[in-house]
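Note sheet for the following structure.
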Number of protein chains: 2
Amino acid sequence: MEFIINSDCFNKAISDVNKAVSLKTPFPILSGIKLTAHPDCLVLIGSNSDIIIEKVIPLTIDGGKVLEVIETGSVVLSAKYLSEIVKKLPNQIHLKVSDKQVVTLRTDEIMTSLNGFNSEEYPSLRQIDETNKIVISSNELIDMIKQTAFAVSKSETRPVLTGVNLSFNENHLTCVATNSHRLALRELAIDSDVSGSFIVPSTSLNELLKLIQNESGLIHLFVTESYMVFKSNTTSLFSRLIEGNYPNVSGLIPKDSKTIITLETKKLLMGIDRACLFASEWKNNNVNLEIVDGNKIKISSHSSEVGRIEEIQNVKAIDGEKELSISLDGNFLMDALKAVKEEEIKLSFGGSMRPVLLQPVGNSSYLHLISPVRSY
Amino acid sequence: MEFIINSDCFNKAISDVNKAVSLKTPFPILSGIKLTAHPDCLVLIGSNSDIIIEKVIPLTIDGGKVLEVIETGSVVLSAKYLSEIVKKLPNQIHLKVSDKQVVTLRTDEIMTSLNGFNSEEYPSLRQIDETNKIVISSNELIDMIKQTAFAVSKSETRPVLTGVNLSFNENHLTCVATNSHRLALRELAIDSDVSGSFIVPSTSLNELLKLIQNESGLIHLFVTESYMVFKSNTTSLFSRLIEGNYPNVSGLIPKDSKTIITLETKKLLMGIDRACLFASEWKNNNVNLEIVDGNKIKISSHSSEVGRIEEIQNVKAIDGEKELSISLDGNFLMDALKAVKEEEIKLSFGGSMRPVLLQPVGNSSYLHLISPVRSY
């Protein structure tokens, strides 16, 4: 194998696939990146037990030549050393594999040689099964992940709750994440007849977010029983799925409420942030919300040892009962508010021990649910 | 005590003195910041066993009013909570101490109360002894610290080597730092008749660097047997001194050399950085320098398991013997090169086992010395 490549372009692709590579694998070859030079492109693959990232570098990008393949072939190189060295090399890199998998990288007067692995020992990638395909714009997919993935469970006690549930049904996609104390739900109209329910690890989705963050375009989703593929023009991410049945959450969302308060999202977020000051003093990070004077909301928290903080905010509107005092986990409330892009938010309360429903005003496609905590 | 203060200004001062405060002190009051309101200013003090930082906020800054003292007095508040809460408060803060050291911070509709400590329990600050005073421009002091402090010993085996030696002698200041494998020396003409040798912990100097980074003006140094004070307009840093005798290093600096090479500082730094690629594979992080073709320098390193890297750089000039092969700790070399602001650098070699002298071209006020390592 032999090729000449633009170092910036090579560096970017290496750093993308490197996100999947773990140094702590028992198989040395899996701590490497597989490079395959085809006549018309260079393919890079990095993997761990959860995800595989594949990146394709074409011969030209935006009309500019970035790659010249002199001889096709493949090799696996240590991800750590390859990424370190390519980061520090200027201009064009001339990479060549000699006998015994020794790889030389040459640029001007700098000559590096790295010992590679035989690429035949690297596990081969599954062929993508193109039967069940869904197309989503990358912007919508990014929003969807940001609005749900944070709410998954961090504990492995119930593995299904560590993933986001994607359920497809008649041109409709519903994404749900919950840790059983809070829940995030996002709905999306899609153009596909795929149906089925899949649980994707939140870690995979967070990696996907980093990869497609700056891409605008379409993402193709391919689903099978055991894995899901997210594919853009130049990048593919294969994720394992979590086995098991996801709980049915449709019954949890309250239909009626005693009090509905409409507030400015950012102002509320800043108030809750301040009230979380004594967070480390409290196991549940309790923040208390209370209606005062019939038309204002008091946000407060206290720690008997350190002190207390309270503030009174004007609200846009209060509908229903004007009496309310409820304690919530301030961090859960902040996470949910950060996921809201809309200027105003509606909080619906069914009573001091019933879950609070958060809905952005003017957008019915997503909602958050937070269970109250006991206050002492 | 009661005052009204601009929150940005208060926040900046708190974050400066907070640099000295440690959460891990056995005395709860020392994890606090002492606030003292005088008729014409507010003084903040934070301390640990090595340093004390004192910050003065005047009534006006650049003609704008930032502070109004309503009642003088003092209190000590938890540094952690005070800094957290002030960071999140907008506009003006109205601070008031009530009975029992409960402090309220009020701004618009936000009311916080923090439990304070009685300020009488806070250790009182030494009066500055103004006998031995030196004045240095903050720019020169910043340069001096950057050019020497990195070279101190990280090990406590010989405590004196963990500090920078400042020795004053007839209008002349010499700063030296060494870990016995490398040495950094900086000289400075000063206008003072103070004489004596003092060892300042490098940690104190690094804190000082952060404090005066953006200050232009004069720094007043006051020295005594046991502590040193660095004082700018609004900030004072008191540092303990390290007891003991600093080794005399004047005999270590080689007077003659077999080979002198002149190089571009940045280009050499980038080459050494690349050659450090296999750093983690080597105990001493060996980088080899070799003269090739009588007019070029080859920088190389290798790891038998991973691979090797080498590059050949053109040099500006080689004087003396044209034969040289020497191994140095690449990280020591990088640290020294990073401290050089001049475009070109002169490396003087006395033989493969003699220390290498680094001197910036066109500036004789500082130098670096690095002992070679054995190469295998």
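The values are calculated or read from the model by the stated rules, or taken from the named source; none is laboratory data. Note that the structure is a prediction, hence the values are computed from the model and not measured. Cβ coordinates were reconstructed from backbone atoms using ideal geometry, including for glycine residues, and neighbour counts include every protein chain displayed.
Looking at (1) under 23 Å from the mean Cα position of the chain (by Cα); (2) within 17 Å of A:A275 (Cα to Cα); (3) among the β-branched types (V, I, T), which one does A:I312 not meet, given that it meets all the others?
Unmet for A:I312, out of (1) under 23 Å from the mean Cα position of the chain (by Cα); (2) within 17 Å of A:A275 (Cα to Cα); (3) among the β-branched types (V, I, T): (1).
Pairs, please: C-beta under 7 Å, at least 6 apart or cross-chain, first residue at the interface with chain B (Cβ under 8 Å from one of its Cβ atoms) and in segment A:94-115, second surrounded by fewer than 16 Cβ atoms within 10 Å (Cβ to Cβ) and of a type in the set (A, V, I, L, M)?
A:S113/A:V102; A:N115/A:V102
Identify the residue in segment A:339-360 that is at pLDDT 95 or above and surrounded by fewer than 15 Cβ atoms within 10 Å (Cβ to Cβ) and, among all such residues, is farthest from the other protein chains (Cβ to nearest Cβ).
A:E342
Just the residues that are closer than 16 Å to A:T265 by Cβ and outside any helix (DSSP H, G or I), please, taken from segment A:329-340. Break it down stepwise before answering.
Here is the first cut: in segment A:329-340, the ones closer than 16 Å to A:T265 by Cβ are A:330, A:332-340.
Once the filter is applied, which keeps residues that are closer than 16 Å to A:T265 by Cβ and outside any helix (DSSP H, G or I), segment A:329-340 yields A:A339, A:V340.
Among what's in segment B:90-117 and is crowded, with 20+ Cβ neighbours inside 10 Å and aliphatic (A, V, I, L, M), pick the residue that is nearest to B:F3 (Cα to Cα).
B:L95
Among the residues that make up segment B:134-148, is at least one of them within 23 Å of B:V356 (Cβ to Cβ) and either β-branched (V, I, T) or assigned by TED's automatic domain parsing to the domain that holds B:K55 (or both)?
Of segment B:134-148, the ones within 23 Å of B:V356 (Cβ to Cβ) are B:143-144, B:146-148.
Filter again for either β-branched (V, I, T) or assigned by TED's automatic domain parsing to the domain that holds B:K55 (or both), leaving B:148.
Yes, some residue in segment B:134-148 is within 23 Å of B:V356 (Cβ to Cβ) and either β-branched (V, I, T) or assigned by TED's automatic domain parsing to the domain that holds B:K55 (or both).
For every residue, the table says whether it meets (1) under 16 Å from B:V56 (Cα atoms); (2) modelled with pLDDT under 95; (3) not small (G, A, S).
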{"residue": "B:G196", "(1), (2), (3)": "no, yes, no"}
{"residue": "B:L205", "(1), (2), (3)": "no, no, yes"}
{"residue": "B:S216", "(1), (2), (3)": "no, yes, no"}
{"residue": "B:F230", "(1), (2), (3)": "yes, no, yes"}
{"residue": "B:N233", "(1), (2), (3)": "yes, yes, yes"}
{"residue": "B:F238", "(1), (2), (3)": "yes, no, yes"}
{"residue": "B:I242", "(1), (2), (3)": "no, no, yes"}
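For the list (1) more than 23 Å from the chain's Cα centre (by Cα); (2) part of a strand (DSSP E or B); (3) of a type in the set (V, I, T), I need the number of the one condition that B:I134 fails.
Unmet for B:I134, out of (1) more than 23 Å from the chain's Cα centre (by Cα); (2) part of a strand (DSSP E or B); (3) of a type in the set (V, I, T): (1).
If you go through segment A:119-148, how many residues are in contact (Cβ under 8 Å) with a residue 60 or more places away in the chain and closer than 30 Å to A:S31 by Cβ?
Adding up the residues that qualify gives 12.
Go through segment B:147-167 and report how many residues are farther than 15 Å from B:T203 by Cβ and surrounded by fewer than 20 Cβ atoms within 10 Å (Cβ to Cβ).
3
List, please: which pairs have Cβ atoms under 8 Å, are six or more places apart or on different chains, and start with a residue in segment A:170-195 that is without any contact (Cβ under 8 Å) to a residue 24 or more places away in the chain and end with one that is charged (D, E, K, R) and crowded, with 16+ Cβ neighbours inside 10 Å?
What qualifies is A:T174/A:R186.
Select from segment B:160-209 the residues that are assigned to a strand (DSSP E or B) and of a type in the set (S, T, N, Q) and write down the one among them that is nearest to B:R354 (Cα to Cα). Full working, then the answer.
First, pick out the residues of segment B:160-209 that are assigned to a strand (DSSP E or B): B:163-168, B:172-178, B:182-189, B:196-201.
Adding the requirement that they be of a type in the set (S, T, N, Q) leaves B:165, B:167, B:174, B:178, B:197.
Details: B:N165: 24, B:S167: 27, B:T174: 24, B:T178: 16, B:S197: 28 Å.
Within segment B:160-209, the match that is nearest to B:R354 (Cα to Cα) is B:T178.
Filter segment A:177-212 down to residues that are of a type in the set (D, E, K, R) and surrounded by fewer than 19 Cβ atoms within 10 Å (Cβ to Cβ) and give me whichever is farthest from the chain's Cα centre (by Cα). Walk me through it before giving the result.
To start, the set of residues in segment A:177-212 that are of a type in the set (D, E, K, R) comprises A:182, A:186-187, A:191, A:193, A:207, A:210.
Then drop every residue that is not surrounded by fewer than 19 Cβ atoms within 10 Å (Cβ to Cβ), which leaves A:187, A:191, A:193, A:210.
Working: A:E187: 17, A:D191: 23, A:D193: 25, A:K210: 7 Å.
Filtering first and then ranking leaves A:D193.
Select the strands (runs of 3 or more DSSP E) contained entirely in segment A:230-304, then report the ones holding at least 1 residues which are touching a Ser or Thr at 6+ places or on another chain (Cβ under 7 Å).
Details: elements: A:235-240, A:259-264, A:286-292, A:296-303.
Answer list for segment A:230-304: A:235-240, A:259-264, A:286-292.
Do you know which residues across segment A:77-93 are of a type outside the set (S, T, N, Q), within 32 Å of the chain's Cα centre (by Cα) and within 12 Å of chain B (Cβ to nearest Cβ)? So that I can check it myself, show each step before the final result.
Filtering segment A:77-93 down to residues of a type outside the set (S, T, N, Q) leaves A:77, A:79-82, A:84-90, A:93.
Filter once more, so that each one left must be within 32 Å of the chain's Cα centre (by Cα): A:77, A:79-82, A:84-89.
Answer for segment A:77-93, where residues must be of a type outside the set (S, T, N, Q), within 32 Å of the chain's Cα centre (by Cα) and within 12 Å of chain B (Cβ to nearest Cβ): A:L77, A:K80, A:Y81, A:L82, A:E84, A:I85, A:V86, A:K87, A:K88, A:L89.
Please identify the pairs in which a residue from segment A:257-270 that is β-branched (V, I, T) has its Cβ atom under 6 Å from the Cβ atom of a residue that is assigned to a strand (DSSP E or B) and surrounded by fewer than 16 Cβ atoms within 10 Å (Cβ to Cβ), counting only partners at least 6 apart or on another chain.
A:T259/A:G320; A:I260/A:D319; A:I260/A:G320; A:T262/A:A317
Would you confirm, using the coordinates I've provided, whether A:V249 is more than 14 Å from every other protein chain (Cβ to nearest Cβ), surrounded by fewer than 17 Cβ atoms within 10 Å (Cβ to Cβ), touching a residue at least 60 places away in the same chain (Cβ under 8 Å) and out of contact with any helix residue (DSSP H, G or I) (no Cβ under 8 Å at 6 or more places or on another chain)? Walk me through it before giving the result.
On the way: more than 14 Å from every other protein chain (Cβ to nearest Cβ): yes; surrounded by fewer than 17 Cβ atoms within 10 Å (Cβ to Cβ): yes; touching a residue at least 60 places away in the same chain (Cβ under 8 Å): yes; out of contact with any helix residue (DSSP H, G or I) (no Cβ under 8 Å at 6 or more places or on another chain): yes.
For A:V249, the condition - more than 14 Å from every other protein chain (Cβ to nearest Cβ), surrounded by fewer than 17 Cβ atoms within 10 Å (Cβ to Cβ), touching a residue at least 60 places away in the same chain (Cβ under 8 Å) and out of contact with any helix residue (DSSP H, G or I) (no Cβ under 8 Å at 6 or more places or on another chain) - is met.
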